[in-house]
Amino acid sequence: MAQFQAVKGARDIFPDEVVRWHHVEGVIRSVAALYGFSEIRTPVFEYTELFQRGIGSTTDIVGKEMFSFLPDPNGRSITLRPEMTAGVMRACLQKNLLSLAPVHKLYYISDLFRKERPQAGRQRQFSQFGAELLGVSSPAAVAEVLTFMMQVFETLGLHGLRLRINSLGDVEDRARYREALREYFLPYAADLDESSKERLEKNPLRILDSKNPALKEMIAGAPRLYAYLKPEAVADFEKVLSFLSDRAIAYDIDHLLVRGLDYYCHAAFEVTSSELGAQDAIGGGGRYDSLAKELGGTADLPAVGFAVGMERLMIAMEKQGLFATLNPHGPLVYVVVQQQELSDHGMQVAFRLRKAGLKVEIDLAARSMKAQMREANRIGSSYALFIGQTEHESGLYSLKNLVTSEQTSLSLDAVIEILSTPG
Ligand code: AMP
């Protein structure tokens with residue numbers, strides 16, 4: 001029988017790569033703490049309607065990319081989450097979080113599932129870190145989440161990122177703009193590709209998202225959303241921009257940035273990396289005040305958030321050599337058993353050292369002493385502790401520093417004391 005392979009679009013992460021994940025996750029968690037964001041974890045699946053309502057049925061995610069199934073013949077359809085915002089909002093509404101405090105700052109690092117065609121930087125199971133700030137979506141709140149996100153990138157050492165930002169205005173602004181776009185594109189309808197024709201019907205804003213080079217010129221000549229914003233929306237956007245300038249965060253205004261999801265309003269942003277190929281988006285986000293109502297909340301709930309793809313973030317970091325200095329510490333001590341009759345004693349010693357808080361490795365395969373030493377060096381141990389008959393009888397063990405080759409004879413208590421002392 002042929003060997004099993006991982007499902008297409010899903011990948012395994014082995015220990016040497018997990019070290020990188022821990023590093024990135026550690027930075028995210030520490031920067032989140034600086035900004036007062038707390039972690040939320042929601043279920044991997046939700047009722048399918050949540051995403052249909054929360055993301056919008058005209059989007060590719062809902063239209064083509066969801067992994068949905070019926071849990072039992074009479075059950076409601078369930079979907080593996082393709083993004084986090086709808087689930088986080090559902091959780092907060094369900095718990096009535098806003099009755100406990102007016103503002104909530106949440107972040108997550110979670111696995112997501114989309115039925116996209118797998119390619120470099122695009123998987124069917126992938127991971128995002130992101131934040132949701134609920135209860136206020138003022139320019140200061142937008143700046144808060146953006147600054148949090150940018151500080152994570154900066155702390156990781158990532159450079160060459162480009163932040164693009166746009167204002168989508170409110171529902172009325174967008175309705176007027178949608179009409180203007182429809183009027184603009186209608187005379188070109190015959191020249192549009194199939195998906196843009198469909199978008200012209202359902203949501204002409206999304207034509208601006210098109211990557212089709214044949215439409216580039218036509219799109220560049222389209223009316224700009226900015227011209228349809230109310231003065232309050234313009235002032236709001238300018239305030240966001242001035243916050244960014246105050247924090248020395250560079251940005252480009254991109255009039256074509258409309259984001260794929262229906263629930264965005266006002267500020268929307270995207271970050272791209274020059275290190276990534278065709279799939280150059282690292283993350284994006286914006287305001288989504290109307291999402292709560294869409295999900296059955298009683299009123300609009302001001303909200304702003306972002307999501308960053310972990311895999312793409314790490315591809316960009318790898319290209320910039322940002323993992324090169326990441327040095328996973330091997331075990332501190334390798335317990336080397338000289339004769340197999342002493343292996344039980346060796347295990348006991350290892351156990352005692354571990355109970356005392358030391359990182360210890362020991363051979364479990366009854367290998368020769370030479371093989372044990374080779375292994376100790378291969379995995380980067382700092383010390384070898386030899387277990388021989390004399391050591392066993394005297395209670396004094398030879399501890400060898402594998403860097404300096406210095407060797408001393410010590411009781412186990414002394415070994416613990418020396419190795420527990422930092423430095
Ligand atoms: P989105 O939720 O579509 O705005 O995506 C936010 C970020 O998640 C993107 O900028 C990517 O970095 C990442 N992302 C989205 N879809 C995928 C995927 N299929 N595979 C890997 N990363 C993805």
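With every protein chain left in place, what is the accessible area of residue 347 in Å² (1.4 Å probe, nearest 10)?
Result for residue 347: roughly 90 Å² accessible.
List the residues of the range 387-418 whose backbone N lies under 18 Å from a point placed 7 Å from the Cα of residue 371 along the Cα-to-Cβ direction.
Inside the label zone: 387.
Each residue of the range 288-300 in order: what ³J(HN,Hα) in whole Hz does its phi give by Karplus 6.51 cos²θ - 1.76 cosθ + 1.60, θ = phi - 60°, with x for Gly and Pro?
Couplings: 8, 4, 8, 4, 4, 5, 4, 9, x, x, 7, 8, 4 Hz.
With the contact rule set at Cα under 8 Å and sequence spacing of 6 or more, what percent relative contact order holds for the chain?
15
Write down the accessible area per residue of the chain in Å², having rolled a 1.4 Å probe over the full set of protein chains.
Per-residue value: 51 Å².
Mean-square fluctuation check for the chain, GNM, Cα pairs under 10 Å: which of 188, 35, 334 is largest?
334
Please report the equivalent ellipsoid semi-axes of the range 333-420, computed as sqrt(5 x eigenvalue) of the Cα gyration tensor, largest first, in whole Å.
Values: eigenvalues 55, 48, 32 Å².
Each semi-axis is √(5λ); the values are 17, 15, 13 Å.
Can you give the FRET efficiency for residue 38 and residue 390, using 1/(1 + (r/R0)^6), R0 = 56 Å, r = Cβ-Cβ distance, to the nearest 0.05?
With R0 = 56 Å, the Cβ-Cβ based efficiency is 0.50.
Summing Lys, Arg as +1 and Asp, Glu as -1, what charge do residues with Cβ under 13 Å from the Cβ of residue 364 carry, residue 364 excluded?
-3
Return a whole-number percent for the relative contact order of the range 333-420, with Cα pairs under 8 Å and 6 or more residues apart as the contact set.
31
In whole percent, how big is the carbon plus sulfur part of the accessible area of the chain, probe 1.4 Å, protein atoms only?
Ligands and nucleic acids excluded, carbon and sulfur reach 52 percent.
Most fluctuating residue of 125, 320, 340 in a GNM of the chain with Cα springs under 10 Å: which is it?
Result for the chain, Cα springs under 10 Å: 340 fluctuates most.
Need one value: the accessible area of residue 298 in square angstrom, 1.4 angstrom probe, rounded to the nearest 10.
In the full protein context, residue 298 sits at about 140 Å².
Tell me the mean residue ellipticity at 222 nm calculated for the chain from its helices only (DSSP H runs of n ≥ 4, each -39500 (n - 2.57), averaged over every residue, nearest 500).
On the way: 14 runs with 154 residues, N = 423.
Helices in the chain give a 222 nm mean residue ellipticity of -11000 deg cm²/dmol.
Please check: in the Gaussian network model of the chain (C-alpha springs, under 10 Å), which one of 246, 413, 209 has the largest mean-square fluctuation.
413
Mind pulling the angle between the C-alpha long axis of helix 231-246 and the longest principal axis of the chain? Nearest 10 degrees, somewhere in 0 to 90.
Relative to the chain, helix 231-246 is tipped by roughly 30 degrees.
Give me the extension gain from residue 250 to residue 25: residue separation times 0.36 nm, minus the current Cα-Cα distance, reported in nm with one decimal.
78.5 nm
Amide H to amide H under 5 Å from residue 39: which residues, 5+ apart in sequence or cross-chain, H placed 1.01 Å off N in plane?
107
Compare the Cα positions of 257, 279, 295 along the charge dipole of the range 231-333 (+1 at Cβ of Lys, Arg; -1 at Cβ of Asp, Glu; about the Cα centre) and return the one farthest towards the positive end.
279
Cα axis of helix 369-378 to longest principal axis of the chain: angle in degrees, 0 to 90, nearest 10?
Around 30 degrees separate the two axes.
Say the cut-off is 23 Å between C-alpha atoms; which of 95/115; 105/239; 211/239 go over it?
95/115; 211/239
Straight-line reach from residue 370: which aspartates and glutamates fall under 20 Å, measuring Cα to Cα and dropping same-chain residues less than 8 apart?
Cα-Cα hits under 20 Å: 341, 344, 361, 391, 406.
Any aspartates and glutamates with Cα under 18 Å of the residue 359 Cα? List them, leaving off those in the same chain fewer than 8 positions away.
Residue 359 reaches 16, 375, 413, 417.
Quick one: dipole size for the chain, taken about the Cα centre, charges +1 on Lys/Arg Cβ and -1 on Asp/Glu Cβ, in debye to the nearest 20.
Here the chain has a charge dipole of around 400 debye.
Rounded, prolate or oblate: pick one for the chain, where a ≥ b ≥ c are the square roots of the eigenvalues of its C-alpha gyration tensor, a/c under 1.5 means rounded, and failing that, prolate if a/b is larger than b/c, else oblate.
Details: a/c = 2.53, a/b = 2.33, b/c = 1.08.
Verdict is prolate for the chain.
The values are calculated or read from the model by the stated rules, or taken from the named source; none is laboratory data. Note that the coordinates shown come from a computational prediction; the quantities given were computed from them, not determined experimentally. Don't worry about glycine lacking a Cβ; one is built from the backbone with ideal geometry, like all the others, and counts go over all protein chains shown. The protein model used for the area step is the full one, side chains on, heavy atoms only, and it has no ligands, DNA or RNA in it. Shrake-Rupley method; radii C 1.70, N 1.55, O 1.52, S 1.80 Å.
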